[in-house]
Every structure is written in C-alpha cells, then in structure tokens.
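Inspection log for the structure reproduced underneath, given as structure tokens.
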Amino acid sequence: MINVVFVASEAAPFAKTGGLADVAGSLPKALNQGTIDGQPVNVKVFMPLHVKISPSFRDQMTYLGFTTVNMGWRTQYVGLLTLRYDGVDYYFIDNEFYFKRHALYGDGDDAERYIYFSKAVLAALKMIELKPEIIHTNDWHAASVNVLLDYYRKHDPFYQGIKTVFTIHNLRYQGVFDPYIMGDLLNLPYEYYHEERLKFYENINILKGGIVFSDHITTVSKSYAHEITYPYFGENLDGIINKYSHKLTGIVNGIDYDVYDPETDSNLPVHYTVTDLSNKKIIKKQVQERFGLPVNPDVPMLSIISRLADMKGLDLVQHILDELLTLDVQLVVLGTGEKRYEDLFKHYQYMHPNKLSARIFFDQHESHLIYAASDLFLMPSLFEPCGLSQLIALRYGTIPVVRQIGGLKDTVIPYNKYTGEGTGFGFMNYNAHELLFTIKEALEYFKDPVAWPKLMTQAMQADHSWETSSKEYLSIYASLLRKA
C-alpha cells in the first residue's frame, strides 16, 4: 500500500473559507480509488482542530495521544484526534492556544500558528509511527512541512526517503514574515536565509520555501501554471517559479459529483436530470418567492456566488450594474467580503428590489439552491487559479459567463454560434463593457428555444469530476516513487 499524507489548513465539511477546503475534502476521496504500480493508495488528511468544527464531528473523533514541539522558548502540546469520513481518514491537530479562534486566518500570529501546525504534523507522524511514501502539502499554511522536512532528513532517519508534492492554490497568499521567525519559530540554521532558499527581499517567504523544497509543484489549472511564470501573475515569485518550472505541473481542480448532483442533491426541493430539465424552473420559482423577486420563469436569473473581493472582478460588475439592471433580468448575489462590495449590492437591492436580491452572508444550502435556480452565472475574475464555482454551475446546467483567464479558460468552452459547441460564454480583456456585451450576447441565446436547452445539456455533460485529475496526481506520485 502507498501511504500519502495530505496536509491542508482547512477541509470540507469540517472547516471552510474557500476552494482549498473543497479540494481537501474531495480530492483525497478520489485518490483513494486509484493505484500506483498495482498497489492501492491510502490518503490520510491532516488539518488543524479548528474551534468552528461542529460538535457533531467532534463527538465522533477518537483521541490517539499527544506529543510536543518546540516553538521558540515554549514547548507546545500537540494532541491528535482522528475521524473516518466518507472513506477517508482525517487527523486533527489539537492545540487551543493556536486553533481556538473564530477566524482560520488573519490573526497577528498566523506565522506562528501555521509553523506550529507544520511541526505538529511531522511530530504526529512519528508519534503514531506513520511514515508515508509521500507528503502532499497545500498553500503557504502547510509549506513549512516541506522546509522542515529538508532539515529533519539530515538528522532523523524516520524522515528520510519521504517525497513531497506542494500545491499552489493561489500565489497571492505567500506567508511573508520577518526573518526572526526562521530561527525563533522554525528553528532553522542561518544557511536557510538565502535568496535560493527562504529569503525574500529582506523577509522570509514560506510559500517560496514550499516551491524550493518540494520534489514536485502543482497548481490548480494548466493555464495558471503557465501564467505564473510571467511577472504580471507571478506575484514577485516568477523568477523562482521559472527556475523550478521543470517540476511544475498544472492540474485542473474537480468537484465532488456526489455532493453536487442535481439528480440527488438534498438541498433542492425537486430534482432534475440532463435529459429532463423541467424541474429547474420549479426551483427558480421557489427561489424567486423566497428572495422576494417577481415570479416569472421567462425572466433570466443571473447569479454571483463568491467571496466579495477585487480578484473576483466585482469592480467590473460595479461599473455595469446600472445598465445591467435596466435589462429584463434578475440578479442574485450570495457571499461576504470587502465592505464596499457588500454595501454596493445592499444599495442596489434597495434601489431595485424587483431586480436584485443581495444575500450578504454565506449559506451552503442557499448556494445549492441558487446554482440550480439560475440561468446564468457571472464570474469575471481579474485572475483565477482554477475556480470551482463555474464547475458547480456547469453541473447544474447554469451557463457561466467568465473572463477567459486561468482555470476559467481551461474549464468553460465559449459558445460557437456556427457549430453549436460550447458550455458557456467568455471575454478576454479585463473590461467592464466586454463583460456587459458578453452578458447581452448570452441573454440573446437564452431566448432561443433550441440553442439554449442544447447549451444547458452540453454544460451538464462536461466532465469536471475528480476522476481525470486524480489520475494526473497519481501519475506524479508514481514518477517520484520510481526515482526513489
């Protein structure tokens, strides 16, 4: 059996702020269905025991024991609990000093919290005598594992021979901190403070360490893997990424087809299939009633389900909102984020109560309802490493309107009016009126009783499950093990 340890700061359904949690909650399940050179794969997920994890999950956990790690002058407790969920073993690192917080990120001691987490994972593996063939870390919060493993291998036989894969979900978030933490928290010698290692201008960069000290790097789409080799998308790391491009692979994310399935989704009042879409209108009617919008199946419903932030292209939406709402459309927004965007959608809901419903919160149940009820899904991102929302929209027969960038370019095929091929609508330049023009183009096809149902069918038939992508990860694991 090939043991893989998957390390992430969040995983659905236990704790979630974004797409990383969805990946950590669904990719391991898919990997466990595969084999490497005839041997079964067993993926175990390690994450913090965040206080927001539901008591219903906590009550099912088994306590395995504890160990300690040194954090500067302090010795810190490392508790380990486990729970089997959906066929995958999850392990939770328990320390209330670091993880009894209402926010997963954003506290002033995030560097210490997640360096502790990385140290705790490595210590816990030794405590339970689980030596994996591969450790797969995700984003800067787990990248210290890669750096520490490089040092530990030189001093402890237990850690020798373990291969590492590091996935960049969003290059913008890097873990840049004062260099004092290298000695004080990471407990690494001064030789690691070097331009070819952790040094980043006059600071240290933990994500950079993940790139340098991993055996293979992946990003979450092929286009994004290409884009980050250029300065515009490279977030000041394009130089180091180009240096290590020989070990960089883009693998597009998938979604869990058991969770997102209009045939069986328990969040929906009725179900529909790719061969019978009629019940989609019933869901639309119920959402219109629930959100205080005029009930009319013929009015196209547009939706945005997103973190309300600049990178999601909401400044483009802001520029066209007045003109958009003069059209015969309804717009539903679900999400939280920057106050200016929250206030923007609240204001326009007040001004146009029959056109816009602003749900300034996040609710998983409502998100499924909105995906199923909508006709068009807007995602005009400034940049998008992969994006999962457009994949969910496609699964529910809701046609995405996207900017052709990163993972959006890889997953949404623009509609071709001559051949009828495609799964959505796209525009190239980061321009508000290109977005508006593309929405208007999509609305014209919405009126076509032949073209639109065909487009919905093609969207639902597009395969964005983990089946293909998980095989690409397994192929990388296999190549690393053969080099051992």
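Table: residues versus (1) in a strand (DSSP E or B); (2) in contact (Cβ under 8 Å) with a residue 24 or more places away in the chain.
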position: Val401; (1), (2): yes, yes
position: Glu434; (1), (2): no, no
position: Tyr445; (1), (2): no, yes
position: Pro449; (1), (2): no, no
position: Lys471; (1), (2): no, yes
Residue under evaluation Gly87, criteria (1) within 20 Å of Val51 (Cα to Cα); (2) in contact (Cβ under 8 Å) with a residue 12 or more places away in the chain; (3) in contact with a Lys or Arg (Cβ under 9 Å, 6 or more places away or on another chain), criterion not met: (1)
Pair list, Cβ under 6 Å, 6 or more apart: segment 414-432 residue closer than 25 Å to Asp315 by Cβ, other residue hydroxyl-bearing (Ser, Thr, Tyr) and modelled with pLDDT of 95 or more: Phe425/Tyr415; Phe425/Thr438; Phe427/Thr438
Positions within segment 254-289 being basic (Lys, Arg) and either within 27 Å of Gly19 (Cα to Cα) or touching a residue at least 40 places away in the same chain (Cβ under 8 Å) (or both), in sequence order: Lys280, Lys284
Segment 452-466, subset within 18 Å of Thr423 (Cβ to Cβ), within 20 Å of the chain's Cα centre (by Cα) and touching a residue at least 24 places away in the same chain (Cβ under 8 Å), residue surrounded by the fewest Cβ atoms within 10 Å (Cβ to Cβ): Ala462
Test result for Ile255, aliphatic (A, V, I, L, M) and part of a loop (DSSP other than H, G, I, E, B): yes
Those residues of segment 314-336 which are closer than 16 Å to Pro294 by Cβ and under 23 Å from the mean Cα position of the chain (by Cα), in sequence order: Val332
Subset of segment 68-88 (residues that are among the charged types (D, E, K, R) and at pLDDT below 95): Arg74, Asp86
Qualifying positions in segment 417-432 - out of contact with any strand residue (DSSP E or B) (no Cβ under 7 Å at 6 or more places or on another chain) and not in a loop (DSSP other than H, G, I, E, B): Ala432
Some residue of segment 365-373 being of a type in the set (S, T, N, Q), touching a Pro at 6+ places or on another chain (Cβ under 9 Å) and farther than 16 Å from Phe425 by Cα: no
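Every residue, every condition in (1) surrounded by 20 or more Cβ atoms within 10 Å (Cβ to Cβ); (2) touching a helix residue (DSSP H, G or I) at 6+ places or on another chain (Cβ under 8 Å); (3) aliphatic (A, V, I, L, M), yes or no:
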residue	(1), (2), (3)
Thr273	no, no, no
His319	no, yes, no
Leu324	yes, yes, yes
Glu342	no, no, no
Tyr350	no, no, no
Phe362	no, no, no
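The values are calculated or read from the model by the stated rules, or taken from the named source; none is laboratory data. Because the structure is a prediction, the values reported are computed rather than measured. Don't worry about glycine lacking a Cβ; one is built from the backbone with ideal geometry, like all the others, and counts go over all protein chains shown.
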